Amino acid sequence: MMLDRYAVIGNPIAHSQSPRIHALFAAQSGQAMTYERILAPLDGFREAVLRFRAEGGRGMNVTVPFKLQAAELCDTLSERAARAGAVNTLIFHPDGTIEGDNTDGAGLVRDLLGHGVRIEDQRVLILGAGGAVRGVLAPLLAERPRELVIANRTADKARQLAADFADLGPVRGCGLEALMGSFDLIINGTSASLSGERPPLADDLLAKGAVAYDMAYGQEPTPFQCWAQAHGARLALDGLGMLVEQAAESFYRWRGVRPDTVPVRQTLNASHAT
Ligand code: ATR
């Protein structure tokens, strides 16, 4: 029997946890499928996708730096992918069309709610105004926060992004230095963690009982998590849970089965700690 084939495509890709996560989902739900890693040359994304499909692929996850190119390649986009302007999930339909979806924002929201973190009616701050932040704004606003402030090193990018999503809820943008007040939930969507840095933040930005969430993750707590712990956060989470939840959402789009993410997260956390 031919197994259905899936893959994650990116550059670099060697470090991707997605094959491991999807293998755990497949085993748990009895789905007959394989999931591999594909390294695409920086100028060869489209060719690599079409080749994988021609070889019988059923769908792909897309990661850095190809999420915008993936959106351009698709015949149709889900509403959330169109809003994000980026695609992390490709679905190869039997009629030959390629649908693009974006499960990143749903993954973030699910991970937050799964940790008992409230978004509705809360004051939420998101740091950064790049592609990662754009990808999660619509699902966050759908949870009806009291306000959503986007703060970025380059203030104009934050203001522009807020304007693009203003029809979905109470969102505004500003520069990091103009940040005032305190927040119940602070999400770091900058790429600073990747270089061992964090945005400069005022000491009193976290409200009492506030939660901090870094969309990045690593072997150690990120500089942003450390800052949050030192400044009274009730909870300082990294983005590993978001990774697992976005994978589950992609798996659901492909297979029509929703995996149980709890045991998968425990498995990853166990190997994370060693
Ligand atoms: P991604 O796809 O990860 O979102 P991106 O589109 O390049 O990557 O965006 C990176 C984001 O991280 C930007 O908001 C960037 O701020 P600028 O718009 O001012 O460049 C932010 N960022 C990166 N390094 C940072 C740092 N050391 N401090 C603060 N913000 C940083």
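The values are calculated or read from the model by the stated rules, or taken from the named source; none is laboratory data. Since the model is a prediction, treat every value here as computed from it, not as a measurement. All Cβ positions, even for glycine, are placed from backbone atoms using ideal geometry, and neighbour counts span all protein chains on display. The protein model used for the area step is the full one, side chains on, heavy atoms only, and it has no ligands, DNA or RNA in it. Shrake-Rupley method; radii C 1.70, N 1.55, O 1.52, S 1.80 Å.
Can you tell me which residues in region 161-177 are out of contact with any helix residue (DSSP H, G or I) (no Cβ under 7 Å at 6 or more places or on another chain) and assigned to a helix (DSSP H, G or I)?
Passing the criteria: 162, 163, 164, 166, 167, 176, 177.
Just give me the residues in region 1-16 being open to solvent by 20 Å² or more (accessible area, probe 1.4 Å) and more than 19 Å from residue 253 (Cα to Cα), in sequence order.
1, 2, 11, 12, 14, 15
Considering every residue within region 198-212, establish whether at least one is outside any loop (DSSP other than H, G, I, E, B) and of a type in the set (D, E, K, R).
Yes: one or more hits.
Does residue 207 satisfy the criteria of being more than 14 Å from the ligand (Cβ to nearest atom), within 23 Å of residue 115 (Cβ to Cβ) and surrounded by 24 or more Cβ atoms within 10 Å (Cβ to Cβ)? Talk me through it step by step, then tell me what you get.
Working: more than 14 Å from the ligand (Cβ to nearest atom): yes; within 23 Å of residue 115 (Cβ to Cβ): yes; surrounded by 24 or more Cβ atoms within 10 Å (Cβ to Cβ): no.
For residue 207, the condition - more than 14 Å from the ligand (Cβ to nearest atom), within 23 Å of residue 115 (Cβ to Cβ) and surrounded by 24 or more Cβ atoms within 10 Å (Cβ to Cβ) - is not met.
Do you know which residues across region 239-261 are in a loop (DSSP other than H, G, I, E, B) and crowded, with 23+ Cβ neighbours inside 10 Å?
Across region 239-261, the qualifying residues are 239, 259.
Note down all Cβ pairs under 9 Å where the first residue falls in region 149-160 and is assigned to a helix (DSSP H, G or I), the second is among the basic types (Lys, Arg) and open to solvent by 70 Å² or more (accessible area, probe 1.4 Å), and they're at least six residues apart or on different chains.
158/172; 159/172
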